[in-house]
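What follows is one structure encoded as structure tokens, with my remarks underneath.
The values are calculated or read from the model by the stated rules, or taken from the named source; none is laboratory data. Bear in mind the structure is a predicted one, so any value in this text is a computation, not a measurement. Note that each Cβ is placed from the backbone with ideal geometry, even for glycine, and that neighbours are counted across all protein chains shown. The protein model used for the area step is the full one, side chains on, heavy atoms only, and it has no ligands, DNA or RNA in it. Shrake-Rupley method; radii C 1.70, N 1.55, O 1.52, S 1.80 Å.
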Amino acid sequence: MSSIRGRAAAVTALALAAGALSGLPAHAATSAFGPAAPQNPYTAPAGGATTHGDSASAKTFTGAGFAGRPVTVTRSTLLAACPTLLHGADGALLALCTEYIGQAPSLKLLDKNTGNAVASLSITKGALLGGVYAYLDEQDRVVIVDGNRDLLRIAHTATTLTVVEKTSLASQIADGDAVVGVIPAYDGRVWFVTSGGTVGVAGAGAGYRLPDGEKVANSVSTVPGRFAVTSDHALYVFDTTTAVPTLLWRYAYDRGPARKPGQLSWGSGATPVFFGPATGYEYVAITDNADPHMNLIVLRTDGAGVPLCVQPLFTSVAASGTENAAVASGRSIFITNTYGYDYPALPDDAGPSVPADADFDGGVARIDVNTAGSGCATTWVTTTRSAALPRLSVTDGKLYTVVQDGLLNGFYAAAVDAGTGAVSDKALLGYGLVNPLQTAGTAIDRTYYQGTVTGLEVIRPS
């Protein structure tokens with residue numbers, strides 16, 4: 001998941017249009033999967049703590065999804081697009097949304113059965129609309145940075161949302177800049193990154209400045225002792241045990257000659273993902289923007305910024321690229337191809353794509369790091385047109401997503417077999433106004449929730 005401004009612009013365009021108008025065998029599911037990164041003690045339980053599931057951004061969850069059973073679909077029209085869904089230890093479902101009126105951000109407490117809003121709280125609008133890459137802390141409070149450069153903690157009851165803490169970051173963030181992502185280190189200190197390239201720790205004074213000309217359009221990830229961020233030029237890994245952000249290594253990836261169609265910014269579309277078969281975080285992965293085919297880049301978290309593999313992706317089609325971060329567990333990485341995906345609007349500073357337009361070929365691929373940790377290879381690749389950022393159940397071995405299919409380009413909730421890539425379950429959600437805009441869903445007790453441009457889809461086994 002990438003540019004907040006891009007998703008906000010896409011939301012705005014579709015909002016205006018709206019106003020006018022059965023599981024794997026155990027050995028197959030788990031053969032290459034491994035442990036998750038350790039639970040971050042300063043976030044809610046992994047699975048629903050961030051839009052990527054946990055602070056490592058692995059996008060996995062435990063417990064089965066809806067696969068293997070007929071489903072019922074309930075649609076909630078919230079007069080807002082809701083790309084970020086969070087849930088904590090108490091099971092409450094919260095959504096960060098962009099309202100149709102004014103395109104201002106809001107936090108919503110949702111009814112898990114109907115998807116309707118029980119409570120709503122406006123968030124001050126900033127340059128990036130604020131709060132898309134937020135998290136739930138260990139007390140199930142939403143932590144975001146708003147347009148006033150205030151770090152907020154927002155608590156909820158069964159029917160209310162209340163700001164209970166407010167900390168100004170104005171002395172650490174320049175006027176006109178805005179926070180893209182915020183996440184706690186494992187010592188509890190809150191790290192953030194701005195679109196203009198400042199990496200900081202709340203309350204710790206001056207941060208680390210990325211080189212001039214580098215911008216950030218993706219979220220951030222943490223594991224014990226480490227923090228990672230991808231700029232539009234390079235991947236950075238920092239030491240979180242020092243008083244101020246200390247760079248361990250930088251890897252400059254191939255950013256290509258221009259933005260590709262189906263992307264919202266020029267450069268990698270990927271939040272860095274920590275994963276691994278032993279500790280759950282010995283590797284970190286991104287995708288690049290090489291021309292014509294992107295590569296998966298896997299590096300050792302505690303290495304020197306030297307890739308252990310650079311794996312070309314989706315080479316059977318003319319070109320490939322992605323706006324989505326990887327899903328990863330153990331030795332396995334899952335990537336979607338968003339090249340040509342038709343976003344209805346783009347960020348003001350996106351720049352032209354090359355080419356100007358392209359068909360959305362789609363594709364999902366699984367790549368595995370070898371057991372020696374010395375390379376990787378593609379295990380399978382399909383032409384499935386994923387229109388959402390998938391989530392992986394390590395319990396039933398399914399990737400849950402929304403696929404775009406058929407003559408009318410309908411959107412279908414789908415489960416994809418992680419062992420083979422086959423689509424095993426499929427249920428029609430609708431057409432244009434249920435577009436998920438390549439955002440991630442989330443799962444609670446076999447029910448899958450997917451934010452769309454118009455609200456929320458509740459996909460429940462019947």
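Couple of notes before you dig in:
- For the stretch 350-380, residues that are aliphatic (A, V, I, L, M) and surrounded by fewer than 19 Cβ atoms within 10 Å (Cβ to Cβ) total 4.
- If the condition is being closer than 16 Å to Gly441 by Cα and surrounded by fewer than 16 Cβ atoms within 10 Å (Cβ to Cβ), then the stretch 89-104 contributes only Gly91.
- Top-ranked residue in the stretch 171-222 [being more than 16 Å from Leu235 (Cβ to Cβ) and among the polar types (S, T, N, Q); ranked as least open to solvent (accessible area, probe 1.4 Å)]: Thr194
- Qualifying residue in the stretch 273-286 (condition: open to solvent by 20 Å² or more (accessible area, probe 1.4 Å), β-branched (Val, Ile, Thr), out of contact with any helix residue (DSSP H, G or I) (no Cβ under 9 Å at 6 or more places or on another chain) and modelled with pLDDT of 95 or more): yes
- Positions within the stretch 406-429 being open to solvent by 10 Å² or more (accessible area, probe 1.4 Å), touching a strand residue (DSSP E or B) at 6+ places or on another chain (Cβ under 6 Å) and farther than 19 Å from Ser462 by Cα, in sequence order: Asp417, Val423
- A single entry from Leu152, Leu107, Leu136 fulfils the requirement of being crowded, with 22+ Cβ neighbours inside 10 Å, touching a Lys or Arg at 6+ places or on another chain (Cβ under 6 Å) and either modelled with pLDDT of 95 or more or not hydroxyl-bearing (Ser, Thr, Tyr) (or both): Leu152.
- Residue check for Ile173: assigned to a strand (DSSP E or B) and β-branched (Val, Ile, Thr): no
- Selection of strands (runs of 3 or more DSSP E) fully inside the stretch 420-462 by the criterion of at least 1 residues being within 21 Å of Ala49 (Cβ to Cβ) returns 442-444, 447-451, 455-461.
- For the stretch 46-95, a residue qualifies if it is assigned to a strand (DSSP E or B), modelled with pLDDT of 95 or more, under 13 Å from the mean Cα position of the chain (by Cα) and not polar (S, T, N, Q), and the qualifying residues are Leu85, Leu86.
- Within the stretch 177-204, the set of residues being aliphatic (A, V, I, L, M), closer than 18 Å to Thr51 by Cα and at pLDDT 95 or above comprises Val182, Ile183, Ala185, Val190, Val193.
- The lone exception for Gly126 - which of (1) part of a loop (DSSP other than H, G, I, E, B); (2) over 22 Å from Ser219 (Cβ atoms) it fails: (2)
- Of all the residues in the stretch 320-349, those that are open to solvent by less than 10 Å² (accessible area, probe 1.4 Å), among the hydrophobic types (A, V, I, L, M, F, W, C) and part of a loop (DSSP other than H, G, I, E, B) number 2.
- Some residue of the stretch 196-217 being under 23 Å from Leu107 (Cβ atoms), assigned to a strand (DSSP E or B) and β-branched (Val, Ile, Thr): no
- Any hit, the stretch 366-387, residues being among the hydrophobic types (A, V, I, L, M, F, W, C) and modelled with pLDDT under 95: no
- Lone qualifier among Val190, Val199, Val216 - being farther than 20 Å from Thr279 by Cβ and under 18 Å from the mean Cα position of the chain (by Cα): Val216
- Subset of the stretch 305-319 [among the β-branched types (Val, Ile, Thr) and in a loop (DSSP other than H, G, I, E, B)]: Val306, Thr315, Val317
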